[in-house]
Amino acid sequence: MGSEIVLDLFPWLKVYRDGTIERTAGVKVVPPGLDPQTHVFSKDILIAPETHVSARIYRPNFLTKHPKLPLVVYLHGGAFCVASPANPNYHTSLNKLVAEADVIVLSVGYRLAPEYPLPTAYQDSWAALQWVASHKEEDGNNETWIKDFVDLDRVYLVGDSAGANIAHHLALRIKDSDPGLNLKILGIGMIHPYFWGTNPIGSEFTDGIRKELVDKWWLYVCPSDKGCDDPLINPFVDGSPDLAGLGCDRVLVIVAEKDILKDRGRFYYDKLVKSEWKGKAEIMENEGEDHVFHIFSPESDKAKSLFKRLAAFLNQGMAVGV
């Protein structure tokens, strides 16, 4: 009986009657080190020993201390329940992003549901931001790659899917944090953001199979009485924070034409533009592509185009002297 599958959350994991969880995606890992193709160097670090929150940090291999580089705090996807910074797809993609944008990347290893139910992923990611901010203090943390090579006045949040969702909530929390976090976020790059809702919009009306899958994913990782209208997943229901409270100056929303989540991404962009938020929002669509295609096919021409667009977004501040 223990081997009977009671819940199949395709393609992420299976739950058996005895409570065993089998992750069927995002479980492979690769070590950090020097990537011979991009000449990007990476290493693993521990951010919070008490919770075992870790990160993989990336930098161009050949660096000088001047000028210092922007820092990208990266939040991976995986429906809040699979993947890690050591996943080979993410490792390859972030090597390419670092090489293209000439930035330092801190890829956060937040803890996963269901072993660590939401809002753990948000709390762990906030702890990572606090850890980064502490490097501005004399008695703070002292990771040499951040101390020596990062301009802490040029920090960005970037995430794909669930990671883009986390980035949104972190940017809201930064502005409302009391005492305030001693860190300014210049912008957020939201790649194929994972937002959802009970009532369908756009292609969700006609793609019932995938809508049911996304419903099941969310209800599993966040079993709240609000279901798919929990403010964590639906930023526009009653009780959700106002978008005017985003603590950043710029937002880039990237959607994919064949992605069931694309209409939510567009809706987020439209709402943001019409809100009282004072920043600048941009949107890009990956034509003919599906959800997080760039993670699975980082060598494709359209993935390279995505990395270039994101790199341009991250380097705008340098061009205007922010």
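The values are calculated or read from the model by the stated rules, or taken from the named source; none is laboratory data. Just so it is clear, the structure is predicted and the values come from calculations on it, not from any experiment. Heads up, the Cβs are rebuilt from the backbone with ideal geometry, glycines too, and the neighbour counts pull from every protein chain shown. Surface areas here come from the heavy atoms of the whole protein model, side chains and all, with no ligands, DNA or RNA. Shrake-Rupley method; radii C 1.70, N 1.55, O 1.52, S 1.80 Å.
Observations
- Taking 37 °C and 0.692 mPa s as conditions, the range 166-302 diffuses translationally at an estimated 206 µm²/s according to Stokes-Einstein applied to its Kirkwood radius (Cα pairs).
- By the equivalent-ellipsoid construction on the alpha carbon gyration tensor, the chain comes out with semi-axes of 29, 23, 20 Å, ordered largest to smallest.
- Short-range pairs are left out: with C-alpha atoms under 8 Å and at least six residues apart, the relative contact order of the range 1-142 is 21 percent.
- Ranked order, 220, 74 - accessible area, probe 1.4 Å, largest first: 220, 74
- Looking at the chain, the accessible area is 44 square angstrom per residue; that uses a 1.4 Å probe and ignores ligands, DNA and RNA.
- Rounded to 10°, Cα long-axis angle of helix 162-176 versus longest principal axis of the chain: 60
- MRE, 222 nm, helices only [DSSP H, n ≥ 4, -39500 (n - 2.57), over the chain, to nearest 500]: -9500 deg cm²/dmol
- Helix 88-101 vs. the chain, principal-axis angle (Cα, 0 to 90°, nearest 10): 40
- Of 105, 72, 221, the one that fluctuates the most in a GNM where the chain has Cα springs shorter than 10 Å: 221
- The value given for the range 63-169 is a Kirkwood hydrodynamic radius of 14.4 Å, derived from the mean inverse Cα-Cα separation.
- Solvent-accessible area, 1.4 Å probe, carbon plus sulfur percent, for the range 175-216: 55
- The range 52-75 versus the range 115-130: alpha-carbon centroid distance in Å: 21
- Residue 123-residue 30 FRET efficiency (beta carbon distance; Förster radius 30 Å; 0.05 resolution): 0.65
- Of all DSSP beta bridges confined to the chain, the antiparallel ones make up roughly 40%.
- Computed over neighbours whose Cβ is under 13 Å from that of residue 118, the net charge equals -1, Lys and Arg +1, Asp and Glu -1.
- Apportionment of accessible area to carbon and sulfur, the range 1-60, percent (1.4 Å): 59
- Residue pairs, from the table 184/280; 96/302; 147/175; 96/278, whose Cα atoms sit over 21 Å apart: 147/175; 96/278
- The chain: most fluctuating residue of 216, 308, 226 per GNM, C-alpha cutoff 10 Å: 226
- Near the amide H of residue 280, within less than 5 Å, lie the amide hydrogens of 250, 251, all on another chain or at least 5 residues away, with H placed in the peptide plane.
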